[in-house]
Ligand SMILES: O=C(O)c1ccc[n+]([C@@H]2O[C@H](COP(=O)([O-])O)[C@@H](O)[C@H]2O)c1
Ligand SMILES: Cc1cc2nc[nH]c2cc1C
């Protein structure tokens, strides 16, 4: 153990409370201090949303128009989406990065790779060049945040069809019983659609299975620009020593890819909430995260980073306590003196 790691443990254990009584909050505070590798006096959070369209929607895997990606991303920029309302309400800066919305004009920060990916039921979602570009855009946004003094990131996404790309990527890199990783997405209880999604994913993995050897291949063949940019951003957090919150199913799959490509990313990643999507538990397990390590179980399944931003708000209270609480040594001494005076 380094001197810094010892100092972090001493700080957390010496807060004026029964050891461990702040539960997951104190474990996450410890993880953040360790990820920084130095003491910061203030939390400087930023929320990053990667937005893109997915060609697979043309195979009929969603219930609503893919135009919602464009419209909702505009709302995000304007501050009128759920997650950007959460950010504004809590004074958390945010950015929307257009990595491939199917629109002529870009929304937010223009990093458009193409107007959506290809339909992976017909051809691979993206080319190798596009895959590398998406990874590097993610890394570039983390480097830009680092330059501004950001020391905690949270990630979200916007992309109609991305529960299908995420379930496909997860199925490709994970577990034998694939059907149960596929969920309703934003079409709750639409069982017909669910069965169709499962078929589309099964067929694609039969077609590309032999070509997919790792998470990078999975992202390229059946993933999305948003997922890939998220993966690139998460890997970059490692080098920038910036801990980050993931959100729901999509960001958990991006993290599973990042951890497969760069295992030390795990130490920088914090879970925020348990998405209702059935693949959430499997995605987290691939990252070495158990359900009981997830602070919010609130039946969220919106995406955008809504759960991640709520976790930042909780964490901010915890970090304030870390920096301002009385110490256990101090209160024990005070109590002993008080007791001596009384007796
Ligand atoms: O993050 C999650 O767990 C999550 C679960 C269900 C839906 N979503 C959001 O809904 C969109 C994807 O849903 P779908 O049905 O179009 O695949 C996308 O914009 C996500 O942000 C997100
Ligand atoms: C309205 C709407 C908002 C969203 N935000 C993230 N995914 C979404 C999907 C829909 C349909």
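The values are calculated or read from the model by the stated rules, or taken from the named source; none is laboratory data. Model, not experiment: these values are computed from the prediction. Every residue, glycine among them, receives a Cβ derived from its backbone with ideal geometry; neighbour counts consider all protein chains shown.
Some notes on this structure:
- Neighbours by Cβ (under 7 Å, 6+ apart or cross-chain): first from the range 325-343, in a helix (DSSP H, G or I); second surrounded by 11 or more Cβ atoms within 10 Å (Cβ to Cβ) and at pLDDT 95 or above: 328/14; 328/15; 328/16; 329/14; 330/16; 331/16
- Top-ranked residue of the range 244-268 - restricted to ones that are in contact with a strand residue (DSSP E or B) (Cβ under 7 Å, 6 or more places away or on another chain) and under 25 Å from residue 73 (Cα atoms), ranked as nearest to ligand 1 (Cβ to nearest atom): 248
- Taken over the range 146-166, the residue count meeting the criterion of being outside any loop (DSSP other than H, G, I, E, B) and out of contact with any strand residue (DSSP E or B) (no Cβ under 7 Å at 6 or more places or on another chain) is 7.
- Residue 151 over 15 Å from the mean Cα position of the chain (by Cα) and within 30 Å of residue 43 (Cβ to Cβ): yes
- Considering the range 285-309, the residues that are more than 13 Å from ligand 1 (Cβ to nearest atom) and in a helix (DSSP H, G or I) include one that is surrounded by the fewest Cβ atoms within 10 Å (Cβ to Cβ), namely 292.
- Counting only residues that are within 15 Å of ligand 2 (Cβ to nearest atom) and over 24 Å from residue 173 (Cα atoms), the range 286-301 holds 1 of them.
- Restricting attention to the range 30-84, the residues that are within 19 Å of residue 100 (Cβ to Cβ), away from ligand 1 (no atom under 11 Å from the Cβ) and in contact with a strand residue (DSSP E or B) (Cβ under 8 Å, 6 or more places away or on another chain) total 2.
- Verdict on residue 102 being more than 19 Å from the chain's Cα centre (by Cα) and either part of a strand (DSSP E or B) or within 16 Å of ligand 1 (Cβ to nearest atom) (or both): yes
- Number of residues in the range 167-198 that are in a helix (DSSP H, G or I) and within 26 Å of the chain's Cα centre (by Cα) equals 14.
- Count of the range 212-222 residues which are closer than 12 Å to residue 261 by Cα and part of a helix (DSSP H, G or I): 5
- Any hit, the range 123-131, residues being within 16 Å of ligand 1 (Cβ to nearest atom) and part of a loop (DSSP other than H, G, I, E, B): yes
- If the condition is being within 24 Å of the chain's Cα centre (by Cα) and in contact (Cβ under 8 Å) with a residue 12 or more places away in the chain, then the range 199-213 contributes 201, 212.
- Within the option set 179, 218, being free of Cβ contacts under 8 Å to residues at least 60 places away in the same chain, crowded, with 17+ Cβ neighbours inside 10 Å and away from ligand 1 (no atom under 16 Å from the Cβ) holds for one residue only, 218.
- Against the conditions (1) in contact with a helix residue (DSSP H, G or I) (Cβ under 7 Å, 6 or more places away or on another chain); (2) surrounded by fewer than 23 Cβ atoms within 10 Å (Cβ to Cβ); (3) over 19 Å from residue 59 (Cβ atoms), residue 276 satisfies every one except (1).
- No other residue among 232, 149 is buried (at least 20 other Cβ atoms within 10 Å of the Cβ), more than 16 Å from ligand 2 (Cβ to nearest atom) and at pLDDT 95 or above apart from 232.
- Set 209, 232: member being away from ligand 1 (no atom under 16 Å from the Cβ), closer than 20 Å to residue 73 by Cβ and part of a helix (DSSP H, G or I): 232
- Checking residue 246 against (1) modelled with pLDDT of 95 or more; (2) over 18 Å from residue 157 (Cα atoms), the condition it does not meet: (2)
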